[in-house]
Amino acid sequence: MKKLNLFITSILLLTSLKVLSQTQISGVVKSQKGEALIGANIFIENTYDGASSDIEGNFKFATTESGQQTLIVSMIGFHPYQKQINCNGTTITINITLKEKIDQLNAVTISAGAMEASDMKKAVVMKPLDIVTTSGALGDIVGAFNKLPGTATVGNDGRLFVRGGDASETNIYFDGLQVGNAYGSTAQNVPTRSRFNPNLFKGSFFSTGGYSAEYGQALSSALVLNTIDMPLRNQTDISVMSIGGGITQTLVGERNAFTASANFMDLAPYMSIINQNMEFTNAPSNWNVEALGRQKIGKSGLLKAFVHTESASLAINRDDINETEKIHTTVDNTYHFGNVSFKNTINESWSYYGGASLSYNTDEISLENIALKKVNKLAHVKGVLVHDVSDRFSYKNGFETYQKHYSEEVINNEAVRAYNELTANHFVEADYYFSKKLVLRAGLRSSYNDLINKFWATPRASLAYQVNENGQFSLAYGQFKQLPKEELRVQQNNLENATASHYILNYLYSKKGRTFRGELFNKNYNQLVQYSNTDGFDYEGLRNSGEGYARGFDLFYRDNRSLKETDFWITYSFVDSKRNFKDFSSQVTPNYAPKHNASVVMKRFFQPLHSQLGFSYSWNSGYPFHNPNKAGEMQSMTKDYNNLSFSWSYLPKPNLIIHFECSNVLGSQNIFGYEYANQPNTSGIMNGRPISQVADRFIFLGVFLTLSKDKNANQLNNL
Amino acid sequence: MKKLILSIALVFAVVIVKANDSSAYIKAMKAKIEQFNKSQSLEELQASANAFERIAQKEATEWLPLYYAAFGYVKMGFNETLSLDEKDIYLNKAIVLVENAEEISPNNSELTALKGYALMGKLTADAASRGQTLSPQVMQTFGKAIQQNPENPRALYLMAQMEYGMAQFFGSGTEKACAMTQQSISLFEKNPSEGIMPSWGLGGAKAMLSRCQ
């Protein structure tokens, strides 16, 4: 009995001891700004003991642990907090201040000059799908970008013209590596297209100025296209179009994927039905084969390899104001592009990416009885190391080389002109977040070119400040250099870089499906190439003596909320641009820089019709041209440009799409300039002839079928 | 004899301590799950998610605490009062927690289904912009969950939700979605969850089925 008593007593004692050894912990959790933090998790490491902070940031809990313990406080968006505490039964009161963590989701991003096509961004300027669903773009990547602020439609060229700059001032990058001859080769005044299939890409980054030190040799703009990392399923895509057809097969494994595609296009049947304003003796035709392989490496690495090869030809009988007979022109092009890229992380703070690309373009052009052969080769090798020092500070270091070969040859008389060059570049760029609302980016790009034997460095800087939840300002400044066009440099190897300096002020506002973007810019050009005389092949008096400017503003508004199931955007760009270039003796507005540019794009899905209907309207105030019958230079202006396009995608079944599209529905007679005779006629006037559209309209009809186990998969991406 | 009693007592003591340990885990989970099932507001859900995360950091070999913490964040990510960024923050956190749990328990149909649910939250948060890229991804994730365990009623129910939405979007029939819902309800009833295993979804599936009729 005594024993039992003792037992009970000891149990009671033990229990009471346990009660005694409980430690009460309480306090308050606040941010650095002193705001109470609700929902922070406060606990003792390796125990269940803890609590969440309430609406005033207060918390309170008890623990039976004793001795030295680690108290941890964690909360989304803040750095975790740790403190050693001594649990000895006495109440602990502790005030905790959590430091804000900066991450991609909550931090301001630099938006000056930049338009990113991404699904996950709040501010939607462009979505990856827009590349393919914008009516009037006709599945051309560049067609969709041409409806964004800062660009000018140049209908007889088809390339990207950014803010008063020539098309060659924009560089195109494929998974970070430059693409040489990114557009198909074409004859004069026959618009071209970009070479790659839009459904290769998951997103893109389009900069109309002030871009990163990672990109060089472009005076105006950079367009960075990124391929889809891992496709989701095995599938076969078949397309049958009024202008050709294609087949794409995708195979997906656990850690790798492979896509192969073969496509051909021949406009001959189409052109035999639809009347063309130009006389094609061989309608444009093209075939291409491409393959893209991806392999995951380790936990987060990815290796991609891409090859593309194509061949294209066309022939026209072209009117020339100086000749009574039409000029027979043929263009035959073969093109190969290969690209290997990789990205990987070493640990939490170090990562790297890079790769190599090779572009090899051959054009054989004949003008009546003169045959020309032009060969461009470009090899780009790049490696970048990124160090995230903390959530506030990161920097990258990159090294890249460009090896370039260009030759042109008049086949009949065996005259060859050629050059080779190597440009080596280093860039360093750092991002520093003063807070999640203010970020500064500064970079420096240094380059050396062995052909001109010169070294140069260009600084870049940008800043973004978030004013409130929905609005932000960005500023960007940069120096940019670019060596002149191959045709000029091959004649005079020592031509130096032309330069441009950009100053950009941007305001971006976005709120639930509505995005507004306004941008003010000033771009100053120096050392532009001028010459005294040319016959179109030989240039005399080549020198880096031209200068100029482009200044203006862009407005953009996109909304997918106000109108039911309708997504639309409106842009307006004003560009005041003049430059002293080519053989002009004064500063003139270039032909490709219309002053006022506007576009409206609208898409709507009609469920009862199982259809997406879209239209786009592009307008500009006209193209400047030079009339030799008048005093001055580039003193005349064409009438304004109008293009209303319409598209209809019908989805009778989820895996089948029938797509119809018509550009310039109204058949506006657009004129891109005039060409004049070299010699005056009998009444002393130089005869002129308008440069007009290849055809009044372009009509497209296509059927896209997707075969896969998932019956819902479709090729909406292809339209 | 004394020694024998002592050793028996010791063995018992050890067994009791051990049993106590895992029953402490079960007990804590049960209490928190009960509390979680009653949670409605963001604050309540956050408190529940925090509680599960506390259990998770102690029980490094258990996937369920991470599962429930992630589920709490998924529910928060569907809250209509939040901005797009806030929803994304919660849903991303849920995905990270699911991925941590997957390291403990790979090829787990429940975890895959929950990850798909979190992705579905991201899709729902901005369907106009994200539909095209995310809906195939969500479907694929639910498909994987069904493949991992064809008897997982939640994977089927979630997939049925997606199928229903797709059918509505394309204006095609909802028969397939409704058949899947029916099938998930049969599975819910056939394999009732035990203990602290995930058990949610039957109510939602029934509500969806009523829309089918």
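The values are calculated or read from the model by the stated rules, or taken from the named source; none is laboratory data. A quick note: this is a predicted structure, and the numbers were derived from the prediction, not measured. With ideal geometry, Cβ positions are generated from the backbone for all residues, glycine too; neighbour counts draw on all protein chains shown.
Worth a mention:
- Restricting A:146, A:197 to those that are buried (at least 22 other Cβ atoms within 10 Å of the Cβ), more than 26 Å from residue A:426 (Cβ to Cβ) and touching a residue at least 24 places away in the same chain (Cβ under 8 Å) reduces the list to A:146.
- All told, residue A:130 meets the bar of being within 14 Å of another protein chain (Cβ to nearest Cβ) and at pLDDT below 90.
- Verdict on residue A:343 being at pLDDT 95 or above, basic (Lys, Arg) and in contact with a strand residue (DSSP E or B) (Cβ under 6 Å, 6 or more places away or on another chain): yes
- Among the residues of the range A:585-603, those identified as surrounded by 16 or more Cβ atoms within 10 Å (Cβ to Cβ) and in contact (Cβ under 8 Å) with a residue 40 or more places away in the chain are A:587, A:588, A:589, A:590, A:591, A:592, A:593, A:594, A:597, A:599, A:601, A:603.
Here's the yes/no breakdown for (1) exposed (fewer than 13 other Cβ atoms within 10 Å of the Cβ); (2) in contact with a strand residue (DSSP E or B) (Cβ under 9 Å, 6 or more places away or on another chain); (3) among the aliphatic types (A, V, I, L, M); (4) over 15 Å from residue A:331 (Cα atoms):
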| residue | (1), (2), (3), (4) |
| --- | --- |
| A:248 | no, yes, no, yes |
| A:255 | yes, yes, no, yes |
| A:261 | no, yes, no, yes |
| A:274 | no, yes, yes, yes |
| A:277 | yes, yes, no, yes |
| A:282 | no, yes, no, no |
| A:285 | no, yes, no, no |
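- Scanning the range B:82-130 for residues that are in contact (Cβ under 8 Å) with a residue 24 or more places away in the chain, among the small types (Gly, Ala, Ser) and in a helix (DSSP H, G or I) gives B:94, B:101, B:109, B:113, B:116, B:118, B:121, B:125.
- Test: residue in the range A:41-60 that is in a loop (DSSP other than H, G, I, E, B), away from chain B (no Cβ under 13 Å) and not polar (S, T, N, Q): no
- Within the range A:633-658, considering residues that are in contact (Cβ under 8 Å) with a residue 24 or more places away in the chain and not in a strand (DSSP E or B), the one farthest from residue A:606 (Cα to Cα): A:633
- Enumeration of residues in the range A:354-392 that are among the charged types (D, E, K, R) and over 22 Å from the mean Cα position of the chain (by Cα): A:363, A:364, A:368, A:373, A:374, A:377, A:388, A:391, A:392
- The residues in the range A:293-345 that are of a type in the set (Ser, Thr, Tyr), touching an Asp or Glu at 6+ places or on another chain (Cβ under 6 Å) and over 22 Å from residue A:378 (Cβ atoms) can be counted, and the count is 1.
- Selection status of residue A:112, closer than 29 Å to residue A:433 by Cα and in contact with a Pro (Cβ under 7 Å, 6 or more places away or on another chain): no
- Flag for residue A:266 being of a type outside the set (Lys, Arg), at negative phi and either surrounded by 21 or more Cβ atoms within 10 Å (Cβ to Cβ) or within 14 Å of chain B (Cβ to nearest Cβ) (or both): no
- Matching residues in the range B:68-81 - criterion: being aliphatic (A, V, I, L, M) and without any contact (Cβ under 8 Å) to a residue 40 or more places away in the chain: B:69, B:76
- For the range B:128-139, the condition of being touching a Gly at 6+ places or on another chain (Cβ under 7 Å) and surrounded by fewer than 18 Cβ atoms within 10 Å (Cβ to Cβ) holds for at least one residue.
- Between B:49, B:60, B:69, B:128, the distinction of being farther than 16 Å from residue A:77 by Cα, in contact with a strand residue (DSSP E or B) (Cβ under 9 Å, 6 or more places away or on another chain) and within 12 Å of another protein chain (Cβ to nearest Cβ) belongs to B:128 only.
- Checking each residue in the range B:177-189 for being free of Cβ contacts under 8 Å to residues at least 24 places away in the same chain and either charged (D, E, K, R) or buried (at least 19 other Cβ atoms within 10 Å of the Cβ) (or both) picks out only B:189.
- Some residue of the range A:107-121 being part of a strand (DSSP E or B) and within 12 Å of chain B (Cβ to nearest Cβ): yes
- Residues in the range A:660-702 that are assigned to a strand (DSSP E or B) and small (Gly, Ala, Ser): A:663, A:673, A:688, A:692, A:702.
- Residue satisfying all of: in the range A:61-83; polar (S, T, N, Q) and more than 14 Å from every other protein chain (Cβ to nearest Cβ); surrounded by the fewest Cβ atoms within 10 Å (Cβ to Cβ) among these: A:68
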